[in-house]
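This report refers to the structure that appears directly beneath it.
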Amino acid sequence: MSTVRLADLVSWMDETLAVGSFRDYGPNGLQVVGAEAVSHLATAVSVSLDVIERAVAAEAQALLVHHGLFWQGDDPIIGTLERRRLQTLFAGDLSLIAYHLPLDAHPSLGNNARLADLLGLVDRAPFGEHGGVLLGVQGALPTAVPLAAVAATLGSLLGSTPLVLSGGEHPVRTIGIVSGGAAKDIRQAAAAGLDAFITGEPREDSAALARELGVHLIAAGHSATETVGVQALGAAAAERFGISTTFLAVDNPV
């Protein structure tokens, strides 16, 4: 089995995801330093004590996540929860690597691009402005299909049960996608003249906005819609450096 220096792995990921192009809500890249060499990379949507313990049990040297340990506005004090997570990382000599918005936006490895791939969208274009960057994807299905069929297909592919909020009686051909917690972007979908908008979770006003804007909203799960990016980046790293990778699935209904 091949190995790669941790510094080289992180540098390649930083460059691949163009992390310097984003104003994010937390640090992207290496968050906790572990072993200097990596032969096995574990991936997961979010860091948690359970995920860290499973990565250590899988004998990984690095853990790649979409949602890391540190966020703007959090209490800077390392409390009991953070201490237990850090102690487990240190004891396992496990590095923690996290990419948030850069992993949403990447045109081939990102969450939104991968969701568009799963649905077979064509005629794609960037969509969903956040902080001056277009994070999402808009595109079209080859033919118009009923709203329920789109939701059923997506739920089957992601292993989730999407919440469907109808915007009318029209079928779906054009779709905008921004994974995670981007329900407010339904307004951008309406401005673009799209039939439907896919995200992870709704807001309280999502049902009313869908009706009034005439845009269907499919909320397929915050976690579920963001399982695809870390897996794609992990697979790309495995191919690039000859290392192994394991996705740590979590049963998360949110």
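The values are calculated or read from the model by the stated rules, or taken from the named source; none is laboratory data. All values reported here derive from a predicted model rather than from experimental measurement. Cβ: placed from backbone, ideal geometry, glycine included. Neighbour counts: every protein chain shown.
Taking region 133-163 on its own, how many of its residues are assigned to a helix (DSSP H, G or I) and buried (at least 21 other Cβ atoms within 10 Å of the Cβ)? Within region 133-163, residues that are assigned to a helix (DSSP H, G or I) and buried (at least 21 other Cβ atoms within 10 Å of the Cβ) number 4.
Yes/no matrix, rows are residues, columns are (1) closer than 19 Å to Ala249 by Cα; (2) not in a helix (DSSP H, G or I):
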site: Ser2; (1), (2): no, yes
site: Asp8; (1), (2): no, no
site: Gly20; (1), (2): no, no
site: Ala55; (1), (2): yes, no
site: Val65; (1), (2): yes, yes
site: Phe70; (1), (2): no, yes
site: Asp75; (1), (2): no, yes
site: Pro107; (1), (2): no, yes
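Consider region 41-67 and keep the residues that are out of contact with any strand residue (DSSP E or B) (no Cβ under 7 Å at 6 or more places or on another chain) and of a type in the set (Gly, Ala, Ser). The one that is nearest to Ser223 (Cα to Cα) is Ser48. Residues in region 90-108 that are farther than 22 Å from Ala140 by Cβ and not hydroxyl-bearing (Ser, Thr, Tyr): Phe90, Ala91, Gly92, Asp93, Leu94, Leu96, Ile97, Ala98, His100, Leu101, Pro102, Leu103. Scanning for something touching a strand residue (DSSP E or B) at 6+ places or on another chain (Cβ under 8 Å), assigned by TED's automatic domain parsing to the domain that holds Gln87, within 20 Å of Gly92 (Cα to Cα) and at pLDDT 95 or above, does region 13-26 turn up at least one residue? For region 13-26, residues touching a strand residue (DSSP E or B) at 6+ places or on another chain (Cβ under 8 Å), assigned by TED's automatic domain parsing to the domain that holds Gln87, within 20 Å of Gly92 (Cα to Cα) and at pLDDT 95 or above: absent. Per the conditions (1) over 29 Å from Leu157 (Cβ atoms); (2) within 21 Å of the chain's Cα centre (by Cα); (3) modelled with pLDDT of 95 or more; (4) of a type outside the set (D, E, K, R), the sole criterion not satisfied by Leu101 is (1). Screening Glu82, Glu15 for residues that are over 27 Å from Gly221 (Cα atoms) and in a helix (DSSP H, G or I) leaves exactly one candidate, Glu15.
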